[in-house]
Amino acid sequence: MSGAFLPYGRQTIEDDDVAAVAEALRGDFLTTGPTVEAFETAFAAKVGARHAVAVSNGTATLHLAMLALGVGGGDVCIAPSVTFLATANCSRYVGAEVVFADVDPDSGLMTPETLAKALDDAHGRRVRAVLPVHLRGDVCDLPALKTLAEAAGAVLVEDAPHALGSIGTFDDVEHPVGDGAYSSFASFSFHPVKTLATGEGGMLTTNDAALAARARLLRSHGMVRPPGGDPWWYEMPELGFNYRIPDVLCALGLSQLAKLDRFVARRRALTALYATLLAERAPRARLAASPAHSNPALHLLTVLIDFEALGVTRRAVVEDLKARGIGTQVHYIPVHRQPYYVNRQGLADLPGADAWYARCLTLPLYPAMTDGDVERVVDALAAVLG
């Protein structure tokens, strides 16, 4: 190994972030307090949404979205198979069934064509929500997906943990991911490897005041305090959950949010350098395809490699790169192949998802990387692939 180990992703925590957390620790609130609302307000303004609801993690955002929309037993939700487990599981949490959509094999994204096929696969059942995933940070074709979803009586819920800072341009208008122009909700995660980190945390954005109010109610046990009641009195008219996020984590989120533009600019610069160097030095690995309408702030730098044609296994490449100090990951194992879903509904035929999985490998990408780090990664990959 030459040089420090480069993981596939990591948080960027600076002195001002530490100071913001220390100040919060010295304040009156460690759990839910005024910093939560301040973070929500600033985040909504940043992405151009009317409302933002901060919660404990990204999975909680999706669960709350399903609850707020009234999705339940007898309903169907459509999710792409190339995603993390939570995109599909949130439907099961509320008793709905999942139909998996295939993806474009070169971008990993749900497309209008794969959504249309998934809607047919619902076989007339009531489809309530479609959950496009902005995989890696690239933006799905939201207008076309919305048109198809609305025709089926469904709404879009954008699963956008990878895409904070990404922009989709539709009809010559730039839309920051999360602005709610095409969806009922957009969901974000602040896990440490994401573009903005709070340790654990998540955010829902929406332009619908009623949906925002429902999400806020259900994130705190479904508990209300009727006006005019005794000061200690509360009631629970319906079942909710404890999905609150503490002030101390929102203090970190606010500090990180102030640097989002810098983080995004650096991610884009690193991505451009990767594109140049891969073409010059490691042509057997190519960047995942990016749709023309997408201006991503990539969370994941994923390349596609035909391991079979090269006569090498992905595991061998991963282990060789690790020995050279380069961390990698695979995003993702198609969810339709998970035992829970195979046992529940059989194995779906999704050739695009399988083709994506067979070739994908995620390389290091995070703002603290230097240009020299990118050169090191590409040169190591070139050496490993031959």
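Which length gain, in nm to one decimal place, applies between Val173 and Glu113 when the Cα-Cα distance is subtracted from 0.36 nm times their residue separation?
Contour length minus Cα-Cα distance gives 19.3 nm.
Report the calculated FRET efficiency for Glu37 and Glu308 (r = Cβ-Cβ distance, R0 = 51 Å), to the nearest 0.05.
0.45
Roll a 1.4 Å probe over the protein heavy atoms and report the accessible area of Thr313 in Å², nearest 10.
80 Å²
So for the range 233-386, averaging the separation of alpha carbon pairs under 8 Å that are six or more residues apart and normalising by length, what relative contact order in percent results?
Relative contact order of the range 233-386: 31 percent.
Which one, Trp232, Pro192, Ala292, is farthest towards the positive end of the dipole of the range 186-295 when Lys and Arg carry +1 and Asp and Glu -1 on their Cβ?
Working it through, the farthest residue towards the positive pole turns out to be Ala292.
Can you give me the solvent accessible area of Ile333 with a 1.4 Å probe, rounded to the nearest 10 Å²?
My reading of the accessible area for Ile333 is about 90 Å².
For a quick check, take a GNM of the chain with Cα springs below 10 Å and name the residue from Pro105, Pro283, Pro227 with the largest mean-square fluctuation.
Pro227
For the range 221-275, what's the relative contact order in percent, using C-alpha pairs closer than 8 Å and at least 6 residues apart?
Rounded, it is 25 percent for the range 221-275.
Stretched out fully, how many nm does the piece from Ala358 to Val342 gain, at 0.36 nm a residue minus the Cα gap?
Here the segment from Ala358 to Val342 would lengthen by 3.9 nm.
Once you've got the GNM for the chain with C-alpha springs shorter than 10 Å, pick whichever of Arg92, Arg225, Arg266 has the biggest mean-square fluctuation.
Arg225
Only Lys, Arg, Asp and Glu count, each charged at its Cβ (+1, +1, -1, -1), so figure out the dipole size of the range 172-288 about its Cα centre, rounded to 20 debye.
Dipole magnitude for the range 172-288 comes out near 700 debye.
Would you kindly derive the ³J(HN,Hα) couplings of the range 46-54 from the backbone phi angles with the Karplus curve 6.51 cos²θ - 1.76 cosθ + 1.60 (θ = phi - 60°), listing them in order in whole Hz, with x for Gly and Pro?
Whole-Hz 3J(HN,Hα) from phi for the range 46-54: 5, 9, x, 9, 7, 9, 9, 10, 8.
Through the Karplus equation 6.51 cos²θ - 1.76 cosθ + 1.60, θ set to phi - 60°, convert the phi angles of the range 261-272 into ³J(HN,Hα) values in whole Hz; use x for Gly and Pro.
3J(HN,Hα) across the range 261-272, in whole Hz: 4, 5, 4, 5, 4, 5, 4, 5, 5, 5, 4, 4.
In the set (1) 20.2, 63; (2) 22.7, 71; (3) 21.2, 74, which value of Rg and Dmax of the Cα atoms in Å was calculated from the structure you see?
It is the one labelled (3).
If contacts are Cα pairs under 8 angstrom and at least 6 residues apart, what is the relative contact order of the chain in percent?
Worked out over the chain, it gives 24 percent.
Rounded, prolate or oblate: which fits the range 309-386 when a ≥ b ≥ c are the square roots of the eigenvalues of the alpha-carbon gyration tensor, with rounded for a/c under 1.5 and prolate only if a/b beats b/c?
prolate
Can you give the extra length, in nm with one decimal, that the chain gains between Thr147 and Val18 once fully stretched, where that is 0.36 nm per residue apart less the Cα-Cα distance?
Length difference between fully extended and current span is 42.0 nm.
For the Cα atoms of the chain, what angle does the longest principal axis make with the long axis of helix 314-323, in degrees from 0 to 90, nearest 10?
It works out to around 90 degrees.
Considering the dipole of the range 288-386 built from charges on the beta carbon (Lys and Arg +1, Asp and Glu -1) around the Cα centre, which of Pro334, Met369, Gly346 is farthest to its positive end?
Highest projection toward the positive end goes to Gly346.
How big is the dipole moment of the chain about its Cα centre under a simple scheme where the beta carbon of each Lys and Arg is +1, that of each Asp and Glu is -1, and everything else is neutral? Debye, nearest 20, please.
Value, rounded to 20: 580 debye.
For the chain, what does the helix formula give at 222 nm: sum of -39500 (n - 2.57) over DSSP H segments with n ≥ 4, over the residue count, nearest 500 deg cm²/dmol?
-12000 deg cm²/dmol
Specify the angular offset, from 0 to 90 degrees and rounded to the nearest 10, of the alpha carbon long axis of helix 142-151 from the longest principal axis of the alpha carbons in the chain.
Roughly 50 degrees between the two axes.
Cβ under 11 Å from Gly180's Cβ, Gly180 left aside: what net charge do those residues give with Lys, Arg +1 and Asp, Glu -1?
-2
Taking the 0 to 90 degree range and rounding to the nearest ten, how far is the long axis of helix 58-69 tilted relative to the main principal axis of the chain, both from C-alpha atoms?
50 degrees
Given R₀ = 56 Å, what would the calculated FRET efficiency be for Ser220 paired with Glu319, taking r from the Cβ atoms and rounding to 0.05?
Efficiency, from the Cβ-Cβ distance: 0.75.
Which of the lysines could a cross-linker span from Lys194 if the Cα-Cα distance has to be under 29 Å and same-chain partners fewer than 8 positions apart are dropped?
Straight-line reach from Lys194, under 29 Å: Lys46, Lys146, Lys259, Lys322.
I want the local charge near Gly33. Using Cβ-Cβ distances under 11 Å, sum +1 for each Lys or Arg and -1 for each Asp or Glu among the other residues.
Summing Lys and Arg as +1 and Asp and Glu as -1 gives -2.
First select every other residue whose beta carbon is under 11 angstrom from the beta carbon of Ala269; then total the charges, Lys and Arg +1, Asp and Glu -1.
Its environment carries a net charge of +3.
Where the centroid of each part is defined by its Cα atoms, how far is the range 239-258 from the range 131-200 in Å?
21 Å
The values are calculated or read from the model by the stated rules, or taken from the named source; none is laboratory data. The shown structure was predicted, so the numbers you read here are calculated from the model rather than taken from an experiment. Note that each Cβ is placed from the backbone with ideal geometry, even for glycine, and that neighbours are counted across all protein chains shown. Only protein heavy atoms, including side chains, enter the accessible area calculation; ligands, DNA and RNA are left aside. Shrake-Rupley method; radii C 1.70, N 1.55, O 1.52, S 1.80 Å.
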